[in-house]
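Q: Would you mind keeping the following structure in view while I ask a few things?
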Amino acid sequence: MISKNKIKALRLLDTKKHRLSTGLYVAEGPKVVGDLLTRCSARTIVATPAWFSLHPPTPTSENIIVSEEELRKVSFLQHPQQVLATFPLPTDDPSPADSCDLISHHLCLALDDIQDPGNLGTIIRIADWFGISHIFCSPHTADAYSPKVIQATMGSIARVRLVYTDLRSLISQLPAGTPVYGTLLDGKDIHSVTLESRGLLVMGNEGNGISPELSGMLTHRLLIPPYPPGRDTADSLNVAIATAICCAEFRRSS
């Protein structure tokens, strides 16, 4: 059984203010919770008897057995999925020097004010699929630890580290010769550009694209060309879809 106070405390984690004040975020469903449990301990696990029958309670977590009806009261999903858990927010952001070293040796993503939680969650999932372990986000990018984003990652949040930072400052500190890529309508056909397996790939805001401040710092301006060339078509691609196409092309080229 779960108390009213516990329900209220868990529901408040829908807001960034309470996530920051408690240092916790919510994950739901066997897949997402299961992936996170392989990387860290949950603070609280609220689950049905069916879930606990397959996952014995752990001494490091507060374990609350609930009915399906009780789970619906605390869940953020339209159709709750057996288990909801809280996990600690990451606190070990890499230093600026470590971030620059990482980017100079590996392919990383940078998100310039991505606003839609679904897009952000999908991009995290895409990064996981293509072996990209770090995403650097501008301060105004959507909160990666909101319930909607966590759900959209389908567990990939367990394997991809997000760092919120000033992207302009980050790029300005990169070692000389580190490639900084970005997708723009005036860029070169991505299929004709030599792509390195390291550097920073910047993806822009859903409505405005990459900001003028950051676009001026790109070393490589890329275009995902429509097909066939010159045909009347959509103005742009969804940012998550564009990210997937770019990541696939980078991995194909490396």
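The values are calculated or read from the model by the stated rules, or taken from the named source; none is laboratory data. Just so it is clear, the structure is predicted and the values come from calculations on it, not from any experiment. Because the Cβ atoms are built from the backbone with ideal geometry, glycine has one as well, and the counts that use them run over all protein chains shown. Keep in mind that these areas ignore ligands, DNA and RNA; they rest on the heavy atoms of the full protein, side chains included. Shrake-Rupley method; radii C 1.70, N 1.55, O 1.52, S 1.80 Å.
Q: Determine if the range 35-42 includes at least one residue that is open to solvent by less than 10 Å² (accessible area, probe 1.4 Å), over 16 Å from the mean Cα position of the chain (by Cα) and on the phi < 0 side of the Ramachandran plot.
A: yes
Q: Can you work out which of the residues in the range 224-254 that are of a type in the set (D, E, K, R) and free of Cβ contacts under 8 Å to residues at least 40 places away in the same chain is most open to solvent (accessible area, probe 1.4 Å)? Can you show your working first?
A: If we filter the range 224-254 for residues that are of a type in the set (D, E, K, R), which is where we start, we get 231-232, 235, 249, 251-252.
Remaining after also requiring free of Cβ contacts under 8 Å to residues at least 40 places away in the same chain: 231-232, 235, 252.
On the way: 231: 123, 232: 141, 235: 139, 252: 159 Å².
Per the criteria, the residue is 252.
Q: Could you please find all residues in the range 43-54 being in contact (Cβ under 8 Å) with a residue 24 or more places away in the chain and surrounded by 14 or more Cβ atoms within 10 Å (Cβ to Cβ)?
A: 43, 44, 45, 46, 47, 48, 51
Q: When the residues of the range 84-95 are filtered to those that are touching a residue at least 60 places away in the same chain (Cβ under 8 Å) and open to solvent by 80 Å² or more (accessible area, probe 1.4 Å), which remaining residue is farthest from residue 161 (Cα to Cα)?
A: The extreme case among them is 91.
Q: Shifting gears a bit: Exactly one condition in (1) within 17 Å of residue 245 (Cβ to Cβ); (2) touching a Ser or Thr at 6+ places or on another chain (Cβ under 7 Å); (3) at pLDDT 95 or above is not met by residue 198; state its number.
A: The number of the failed condition is (1).
Q: Another one. Which of (1) open to solvent by 60 Å² or more (accessible area, probe 1.4 Å); (2) in contact (Cβ under 8 Å) with a residue 40 or more places away in the chain is the odd one out, the single condition residue 27 does not satisfy?
A: (1)
Q: Same structure, new question: Kindly list the number of the only condition in (1) closer than 18 Å to residue 87 by Cβ; (2) open to solvent by 10 Å² or more (accessible area, probe 1.4 Å); (3) part of a helix (DSSP H, G or I) that fails for residue 124.
A: (2)
Q: Still on this structure, I have one more. Inside the range 40-89, counting only strands (runs of 3 or more DSSP E) that do not spill past its ends, which hold 1 or more residues that are charged (D, E, K, R)? Full working, then the answer.
A: Details: elements: 44-47, 62-65, 83-88.
Fully inside the range 40-89 and qualifying: 62-65.
Q: Let me ask something additional. Against the definition (within 22 Å of residue 24 (Cα to Cα), in contact with a Lys or Arg (Cβ under 9 Å, 6 or more places away or on another chain) and either at pLDDT 95 or above or crowded, with 17+ Cβ neighbours inside 10 Å (or both)), how does residue 64 come out, yes or no?
A: Details: within 22 Å of residue 24 (Cα to Cα): yes; in contact with a Lys or Arg (Cβ under 9 Å, 6 or more places away or on another chain): yes; either at pLDDT 95 or above or crowded, with 17+ Cβ neighbours inside 10 Å (or both): yes.
For residue 64, the condition - within 22 Å of residue 24 (Cα to Cα), in contact with a Lys or Arg (Cβ under 9 Å, 6 or more places away or on another chain) and either at pLDDT 95 or above or crowded, with 17+ Cβ neighbours inside 10 Å (or both) - is met.
Each row is one residue, and each column tells you yes or no for (1) in a helix (DSSP H, G or I); (2) open to solvent by 30 Å² or more (accessible area, probe 1.4 Å).
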| site | (1), (2) |
| --- | --- |
| 139 | no, yes |
| 157 | yes, no |
| 162 | no, no |
| 168 | yes, yes |
| 178 | no, no |
| 182 | no, no |
| 188 | no, yes |
| 194 | no, yes |
| 200 | no, no |
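Q: Follow-up. Of (1) surrounded by 14 or more Cβ atoms within 10 Å (Cβ to Cβ); (2) assigned to a loop (DSSP other than H, G, I, E, B), residue 221 satisfies all except one. Which?
A: (2)
Q: Same structure again: With respect to residue 11, determine if the residue is at pLDDT 95 or above and open to solvent by 60 Å² or more (accessible area, probe 1.4 Å). Reasoning before the result, please.
A: On the way: at pLDDT 95 or above: yes; open to solvent by 60 Å² or more (accessible area, probe 1.4 Å): yes.
Spelling it out, residue 11 is indeed at pLDDT 95 or above and open to solvent by 60 Å² or more (accessible area, probe 1.4 Å).
Q: Which residue is surrounded by the fewest Cβ atoms within 10 Å (Cβ to Cβ), if the candidates are limited to the range 202-218 and must be touching a residue at least 40 places away in the same chain (Cβ under 8 Å) and more than 22 Å from the chain's Cα centre (by Cα)?
A: Result: 213.
Q: Using the structure shown, decide if residue 17 is of a type in the set (D, E, K, R), part of a helix (DSSP H, G or I), free of Cβ contacts under 8 Å to residues at least 24 places away in the same chain and within 21 Å of residue 149 (Cα to Cα).
A: In short, yes.
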